[in-house]
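Here is the structure we will look at, set down as C-alpha coordinates.
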Amino acid sequence: SALLADPRMEVAVSAIAAIADADARENWQVLIAFRDLLLRHKTLEGAYAELMRNGVGNTPLLFVNQLVHVILRNALDGVDDARVHLLQARVLVQEDDVIVYWTDACGLSGAQRAFVVDMQMSAVTAMAQWLGHSRLPWRYSFNRTRPADISQHASYLGTQLAFNCHVDAMRIARP
(Lines give C-alpha, C1' and ligand atoms only; values in the text may rest on other atoms or scores of the structure.)
Protein backbone atom coordinates (compact mmCIF):
# COMPACT_ATOMS: atom_id res chain seq x y z
CA SER A 1 0.00 0.00 0.00
CA ALA A 2 2.97 2.36 0.54
CA LEU A 3 3.94 1.90 -3.11
CA LEU A 4 0.41 2.84 -4.18
CA ALA A 5 0.70 6.05 -2.19
CA ASP A 6 4.16 6.83 -3.58
CA PRO A 7 4.83 4.88 -6.83
CA ARG A 8 8.33 6.41 -7.10
CA MET A 9 9.45 5.36 -3.63
CA GLU A 10 12.66 3.40 -3.39
CA VAL A 11 12.10 -0.28 -2.79
CA ALA A 12 14.92 -1.94 -0.91
CA VAL A 13 16.38 -5.13 -2.35
CA SER A 14 16.06 -6.64 1.12
CA ALA A 15 12.30 -5.94 1.14
CA ILE A 16 11.85 -7.92 -2.07
CA ALA A 17 14.23 -10.65 -0.87
CA ALA A 18 12.04 -11.05 2.24
CA ILE A 19 9.05 -12.17 0.13
CA ALA A 20 8.60 -15.87 0.90
CA ASP A 21 6.94 -16.96 -2.34
CA ALA A 22 9.62 -17.34 -5.06
CA ASP A 23 7.26 -16.49 -7.94
CA ALA A 24 5.96 -13.39 -6.17
CA ARG A 25 9.53 -12.35 -5.34
CA GLU A 26 10.59 -12.69 -9.00
CA ASN A 27 7.50 -10.76 -10.16
CA TRP A 28 8.36 -7.89 -7.81
CA GLN A 29 11.98 -7.86 -8.99
CA VAL A 30 10.88 -7.63 -12.64
CA LEU A 31 8.22 -5.00 -11.91
CA ILE A 32 10.52 -2.76 -9.87
CA ALA A 33 13.33 -3.09 -12.44
CA PHE A 34 10.94 -1.97 -15.20
CA ARG A 35 9.59 0.86 -13.04
CA ASP A 36 13.16 1.99 -12.34
CA LEU A 37 13.95 1.90 -16.07
CA LEU A 38 11.03 4.23 -16.74
CA LEU A 39 12.03 6.56 -13.90
CA ARG A 40 15.62 6.87 -15.19
CA HIS A 41 14.37 8.57 -18.36
CA LYS A 42 12.47 11.77 -19.04
CA THR A 43 10.54 10.08 -21.86
CA LEU A 44 9.18 6.65 -22.70
CA GLU A 45 11.17 6.83 -25.92
CA GLY A 46 14.34 7.17 -23.84
CA ALA A 47 13.47 4.06 -21.86
CA TYR A 48 12.74 2.15 -25.07
CA ALA A 49 16.02 3.33 -26.60
CA GLU A 50 17.92 2.03 -23.57
CA LEU A 51 16.25 -1.38 -23.96
CA MET A 52 17.15 -1.50 -27.65
CA ARG A 53 20.73 -0.32 -27.13
CA ASN A 54 21.55 -2.48 -24.12
CA GLY A 55 19.19 -5.40 -24.56
CA VAL A 56 16.02 -6.19 -22.70
CA GLY A 57 17.62 -8.49 -20.14
CA ASN A 58 14.88 -9.82 -17.88
CA THR A 59 12.26 -7.34 -19.10
CA PRO A 60 9.27 -9.37 -20.29
CA LEU A 61 8.49 -8.96 -23.98
CA LEU A 62 4.94 -8.04 -22.98
CA PHE A 63 6.32 -4.95 -21.17
CA VAL A 64 8.34 -4.00 -24.25
CA ASN A 65 5.30 -4.46 -26.50
CA GLN A 66 3.12 -2.34 -24.23
CA LEU A 67 5.80 0.36 -24.15
CA VAL A 68 5.81 0.40 -27.98
CA HIS A 69 2.01 0.67 -28.04
CA VAL A 70 2.04 3.65 -25.68
CA ILE A 71 4.78 5.42 -27.64
CA LEU A 72 2.98 4.87 -30.94
CA ARG A 73 -0.34 5.98 -29.45
CA ASN A 74 1.29 9.19 -28.24
CA ALA A 75 2.93 9.71 -31.64
CA LEU A 76 -0.43 9.38 -33.38
CA ASP A 77 -2.39 11.50 -30.90
CA GLY A 78 -4.49 14.00 -32.79
CA VAL A 79 -3.93 12.31 -36.15
CA ASP A 80 -7.26 12.02 -37.92
CA ASP A 81 -5.94 9.88 -40.77
CA ALA A 82 -4.55 6.64 -39.37
CA ARG A 83 -2.78 6.08 -42.67
CA VAL A 84 -0.03 8.46 -41.64
CA HIS A 85 3.21 7.52 -43.41
CA LEU A 86 6.35 7.76 -41.35
CA LEU A 87 8.31 5.64 -43.81
CA GLN A 88 7.37 4.66 -47.33
CA ALA A 89 7.73 0.97 -48.12
CA ARG A 90 9.04 0.14 -51.59
CA VAL A 91 9.17 -3.25 -53.28
CA LEU A 92 11.88 -4.20 -55.75
CA VAL A 93 11.45 -7.45 -57.66
CA GLN A 94 14.72 -8.84 -59.01
CA GLU A 95 15.51 -12.03 -60.87
CA ASP A 96 16.42 -13.97 -57.71
CA ASP A 97 15.01 -11.88 -54.85
CA VAL A 98 12.17 -9.70 -53.70
CA ILE A 99 13.32 -6.75 -51.60
CA VAL A 100 11.18 -4.57 -49.37
CA TYR A 101 12.97 -1.38 -48.36
CA TRP A 102 11.96 1.83 -46.66
CA THR A 103 12.48 5.47 -47.58
CA ASP A 104 11.88 8.40 -45.27
CA ALA A 105 8.48 10.05 -45.66
CA CYS A 106 8.61 12.73 -42.96
CA GLY A 107 12.16 13.46 -41.78
CA LEU A 108 12.54 11.04 -38.86
CA SER A 109 15.64 11.33 -36.69
CA GLY A 110 18.02 8.36 -36.42
CA ALA A 111 16.53 6.91 -33.23
CA GLN A 112 12.96 7.50 -34.41
CA ARG A 113 13.71 5.95 -37.79
CA ALA A 114 15.28 2.87 -36.19
CA PHE A 115 12.22 2.43 -33.99
CA VAL A 116 9.78 2.76 -36.90
CA VAL A 117 11.83 0.50 -39.19
CA ASP A 118 11.88 -2.19 -36.49
CA MET A 119 8.11 -1.90 -36.04
CA GLN A 120 7.43 -2.09 -39.77
CA MET A 121 9.79 -5.03 -40.33
CA SER A 122 8.18 -6.86 -37.41
CA ALA A 123 4.71 -6.17 -38.81
CA VAL A 124 5.59 -7.37 -42.33
CA THR A 125 7.31 -10.47 -40.91
CA ALA A 126 4.31 -11.31 -38.69
CA MET A 127 1.82 -10.73 -41.52
CA ALA A 128 3.82 -12.91 -43.93
CA GLN A 129 4.08 -15.64 -41.30
CA TRP A 130 0.35 -15.47 -40.61
CA LEU A 131 -0.58 -15.54 -44.31
CA GLY A 132 1.95 -18.27 -45.14
CA HIS A 133 1.29 -20.36 -42.03
CA SER A 134 5.04 -20.60 -41.39
CA ARG A 135 8.05 -18.40 -40.77
CA LEU A 136 9.53 -17.25 -44.05
CA PRO A 137 13.31 -17.07 -44.65
CA TRP A 138 13.65 -13.28 -44.71
CA ARG A 139 17.08 -11.67 -44.50
CA TYR A 140 17.22 -8.24 -42.88
CA SER A 141 19.59 -5.33 -43.36
CA PHE A 142 19.74 -2.22 -41.18
CA ASN A 143 21.22 1.17 -41.94
CA ARG A 144 22.63 1.60 -38.43
CA THR A 145 25.19 0.11 -36.12
CA ARG A 146 24.57 -3.23 -34.45
CA PRO A 147 22.93 -2.89 -31.02
CA ALA A 148 24.82 -4.29 -28.02
CA ASP A 149 22.13 -6.95 -27.62
CA ILE A 150 20.20 -8.14 -30.66
CA SER A 151 17.99 -10.59 -28.78
CA GLN A 152 14.86 -8.52 -29.52
CA HIS A 153 15.67 -8.42 -33.22
CA ALA A 154 16.36 -12.15 -33.24
CA SER A 155 13.15 -12.86 -31.32
CA TYR A 156 10.89 -10.95 -33.72
CA LEU A 157 12.82 -11.26 -36.99
CA GLY A 158 15.12 -14.27 -36.80
CA THR A 159 18.87 -14.58 -37.08
CA GLN A 160 19.53 -13.36 -40.64
CA LEU A 161 20.44 -9.83 -39.53
CA ALA A 162 23.03 -7.49 -41.07
CA PHE A 163 23.91 -4.06 -39.69
CA ASN A 164 25.90 -1.11 -41.09
CA CYS A 165 24.15 -1.56 -44.45
CA HIS A 166 23.26 1.16 -46.94
CA VAL A 167 19.53 0.59 -46.64
CA ASP A 168 16.87 -0.73 -44.24
CA ALA A 169 15.49 -3.71 -46.11
CA MET A 170 14.02 -7.20 -46.01
CA ARG A 171 15.03 -9.67 -48.73
CA ILE A 172 13.59 -13.05 -49.62
CA ALA A 173 14.46 -15.43 -52.46
CA ARG A 174 11.90 -15.71 -55.23
CA PRO A 175 10.31 -19.14 -55.55
Quiz item: Taking helices (runs of 4 or more DSSP H) that do not extend beyond the stretch 1-104, which have at least 3 residues that are under 26 Å from Ser141 (Cβ atoms) and of a type in the set (A, V, I, L, M, F, W, C)?
Solution: 44-54, 61-75
Quiz item: How about the stretch 105-145: which of its residues are under 17 Å from Arg53 (Cα atoms) and in a loop (DSSP other than H, G, I, E, B)?
Solution: Ser109, Phe142, Asn143, Arg144, Thr145
Practice problem: Would you mind telling me which numbered condition in (1) under 15 Å from the mean Cα position of the chain (by Cα); (2) surrounded by fewer than 10 Cβ atoms within 10 Å (Cβ to Cβ) Gly57 fails? | Solution: (2)
Quiz item: If you scan the stretch 12-65, which residues turn out to be within 19 Å of Ala2 (Cα to Cα) and in contact (Cβ under 8 Å) with a residue 12 or more places away in the chain?
Solution: Ile16, Trp28, Gln29, Val30, Ile32, Ala33, Phe34, Arg35, Leu39
Self-check item: Count of residues meeting criterion [under 18 Å from the mean Cα position of the chain (by Cα) and surrounded by fewer than 10 Cβ atoms within 10 Å (Cβ to Cβ)] in the stretch 88-109
Solution: 1
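Can you report the number of residues in the stretch 34-54 which are open to solvent by 60 Å² or more (accessible area, probe 1.4 Å) and among the hydrophobic types (A, V, I, L, M, F, W, C)? Break it down into steps so the answer makes sense when it comes.
Within the stretch 34-54, the first condition is being open to solvent by 60 Å² or more (accessible area, probe 1.4 Å), and the residues that meet it are 39-40, 42-43, 45, 53-54.
When the remaining residues are screened for being among the hydrophobic types (A, V, I, L, M, F, W, C), the result is 39.
The total comes to 1.
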Quiz item: When the stretch 125-150 is examined, which residues are found to be farther than 20 Å from Val56 by Cα, surrounded by fewer than 17 Cβ atoms within 10 Å (Cβ to Cβ) and not basic (Lys, Arg)?
Solution: Ala126, Met127, Ala128, Gln129, Trp130, Leu131, Gly132, His133, Ser134, Leu136, Pro137
Quiz item: Going through the stretch 151-175 one residue at a time, which ones are at pLDDT 90 or above, farther than 24 Å from Thr59 by Cα and open to solvent by 80 Å² or more (accessible area, probe 1.4 Å)?
Solution: Asn164, His166, Arg171
Quiz prompt | the stretch 111-122, residues that are small (Gly, Ala, Ser) and open to solvent by less than 60 Å² (accessible area, probe 1.4 Å) | solution = Ala114, Ser122
Self-check item: Subset of the stretch 104-131 [modelled with pLDDT of 85 or more and not hydrophobic (A, V, I, L, M, F, W, C)]
Solution: Asp118, Gln120, Ser122, Thr125
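The values are calculated or read from the model by the stated rules, or taken from the named source; none is laboratory data. Note that the structure is a prediction, hence the values are computed from the model and not measured. A quick note on method: Cβ atoms are made from the backbone with ideal geometry, for glycine too, and the neighbour counts reach across all protein chains shown. For the accessible areas, the whole protein counts, side chains as well, though only heavy atoms, and no ligand, DNA or RNA atoms are used. Shrake-Rupley method; radii C 1.70, N 1.55, O 1.52, S 1.80 Å.
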